[in-house]
Amino acid sequence: MTLLIRRKTPGSRPPKPRSSHLESGSEVCPKYKQMLFTGCPKQRTTFERIHLLIITVGAEKGGVSKTRLATHIAVLAASTGTDVVLLDTDRQGSATSWSRIRNDAGVAPAITVLSLPPNPLKELISLSGKYELIVVDIGAQNYRTMMECALVSDLVLVPCGADQQEVESAMKVCDDLKQKGSNHEKGEIPAHIVLTRVSPLSNATATAELRAMLRDEGVSVFDAQLAYRTAWLTTGKSGKAVHELKGKERSPKAVAEMNAVYEEILRRINADTKESC
Ligand SMILES: Nc1ncnc2c1ncn2[C@@H]1O[C@H](COP(=O)(O)OP(=O)(O)O)[C@@H](O)[C@H]1O
Ligand SMILES: [Mg+2]
């Protein structure tokens, strides 16, 4: 499955926004998007979108895999020809550091990262004509930015491990996103928890119990998950993605898990259309 976004026509302008759902003071609504889907829903393996797609990866907590997830989404999208930019809103600049290492080492595709925009929401708006996909990496404790970006996102991913405090925090984030949903153009923010750093055992009781608890709480959780695997640590110092690692560093299971997460992203975005064939 690939992410296929229609190339911008040189010189073309985005159509005028229908209405702004942003708070007063914002000049323009970034959701002036039009979607063109191909094929029947069952057959859809690609989508084409004019203008822009925004995926925000955020959580209240640090160290939960926000940056790993955001950088990998960017690499997988870029690898299939999508014009993608990563917005690093974290003062720690981990995504920026990762891309610097990557681009200095000449790893292809190079990933463009914009660091610490003073006003991330405005930056999203101004980038809307320049890229096809923006992946936003939110810094820990950067709640305001997460909420602002979530309101204009097509997908919000909240990484969370099987740790009590992480789970409590992720559920609070999901609650807050739910509360703000009426300000999203779809009437709700398309937010999902992605389980990360969970047990590598496919039948781990702790993971199954966590999933059951989140389901009972009415929180949407990705079916795909990322287990704790040392390959993820290697990606930071090499500027690579797990599927780009070779030899002893490579973990086919980490690659398969990340691919599954990426495919679920595409599936959920495609499923979000009311279009029928
Ligand atoms: N699936 C995983 N398995 C093992 N280590 C991981 C995994 N995901 C992330 N890590 C490690 O956890 C640390 C934090 O990840 P990072 O993506 O920087 O988190 P955040 O952006 O949420 O602070 C890093 O050292 C990273 O290598
Ligand atoms: Mg980070």
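Assigned to a loop (DSSP other than H, G, I, E, B) and surrounded by fewer than 18 Cβ atoms within 10 Å (Cβ to Cβ) - does that describe any residue in the range 151-163? There is at least one residue in the range 151-163 that is assigned to a loop (DSSP other than H, G, I, E, B) and surrounded by fewer than 18 Cβ atoms within 10 Å (Cβ to Cβ). Of all residues in the range 243-277, those that are of a type outside the set (D, E, K, R) and either under 19 Å from Leu201 (Cβ atoms) or within 16 Å of ligand 2 (Cβ to nearest atom) (or both) total 8.
Of all residues in the range 236-261, those that are at positive phi have Cβ atoms under 7 Å from Cβ atoms of residues that are among the basic types (Lys, Arg) and in a helix (DSSP H, G or I), 6 or more apart or on another chain, in Gly239/Arg102.
Tell me which residues, restricted to the range 227-273, are among the polar types (S, T, N, Q) and loosely packed, with under 15 Cβ neighbours inside 10 Å.
Within the range 227-273, the subset among the polar types (S, T, N, Q) is 230, 234-235, 238, 251, 259, 270, 273.
Correct list: Thr230, Thr273.
Within the range 184-198, the residues that satisfy the criterion of being crowded, with 18+ Cβ neighbours inside 10 Å and assigned to a loop (DSSP other than H, G, I, E, B) are His184, Ile189, Pro190. If you filter the range 129-150 down to residues that are more than 20 Å from Leu76 (Cα to Cα) and part of a loop (DSSP other than H, G, I, E, B), you find that the one that is modelled with the highest pLDDT is Gly139. Condition check for Val113 on (1) within 16 Å of ligand 2 (Cβ to nearest atom); (2) without any contact (Cβ under 8 Å) to a residue 60 or more places away in the chain; (3) assigned to a loop (DSSP other than H, G, I, E, B); (4) not small (Gly, Ala, Ser): one failure, at (3).
Could you say which residue among Ala78, Ala110 is surrounded by fewer than 20 Cβ atoms within 10 Å (Cβ to Cβ) and modelled with pLDDT of 95 or more?
Values: Ala78 fails: surrounded by fewer than 20 Cβ atoms within 10 Å (Cβ to Cβ).
Being surrounded by fewer than 20 Cβ atoms within 10 Å (Cβ to Cβ) and modelled with pLDDT of 95 or more holds for just one of Ala78, Ala110, which is Ala110.
In the range 200-215, the qualifying residues are those that are modelled with pLDDT of 95 or more and either charged (D, E, K, R) or part of a loop (DSSP other than H, G, I, E, B) (or both), and the one that is farthest from Thr230 (Cα to Cα) is Arg215. The condition of being away from ligand 2 (no atom under 16 Å from the Cβ), in contact (Cβ under 8 Å) with a residue 12 or more places away in the chain, under 28 Å from Lys237 (Cβ atoms) and among the aliphatic types (A, V, I, L, M) holds for only one of Ala170, Ala108, Ala162, Ala140, that being Ala162. Of Ala170, Ala140, Ala191, Ala162, all but one fail to be of a type in the set (Gly, Ala, Ser) and more than 18 Å from the chain's Cα centre (by Cα); the exception is Ala162.
Could you tell me how many of the residues in the range 208-239 are within 16 Å of ligand 2 (Cβ to nearest atom) and in contact with a strand residue (DSSP E or B) (Cβ under 7 Å, 6 or more places away or on another chain)? Lay out the reasoning, then the answer.
The first filter runs over the range 208-239 and keeps only residues within 16 Å of ligand 2 (Cβ to nearest atom), leaving 226, 232-233, 235-237, 239.
Cutting the leftovers down to in contact with a strand residue (DSSP E or B) (Cβ under 7 Å, 6 or more places away or on another chain) gives us 226.
Residues in the range 208-239 being within 16 Å of ligand 2 (Cβ to nearest atom) and in contact with a strand residue (DSSP E or B) (Cβ under 7 Å, 6 or more places away or on another chain): 1 in total.
Scanning the range 115-150 for residues that are over 21 Å from Ile269 (Cβ atoms), out of contact with any Asp or Glu (no Cβ under 8 Å at 6 or more places or on another chain) and surrounded by fewer than 20 Cβ atoms within 10 Å (Cβ to Cβ) yields Pro118, Asn119, Lys122, Glu123, Ser126, Arg144. Of all residues in the range 65-108, count the ones that are touching a helix residue (DSSP H, G or I) at 6+ places or on another chain (Cβ under 7 Å), farther than 23 Å from Ser126 by Cβ and part of a loop (DSSP other than H, G, I, E, B). Qualifying residue count, the range 65-108: 1.
The values are calculated or read from the model by the stated rules, or taken from the named source; none is laboratory data. Quantities reported herein were computed from a predicted structural model and do not represent experimental measurements. Here the Cβ is made from the backbone with ideal geometry for all residues, glycine too, and neighbour counts use every protein chain on show.
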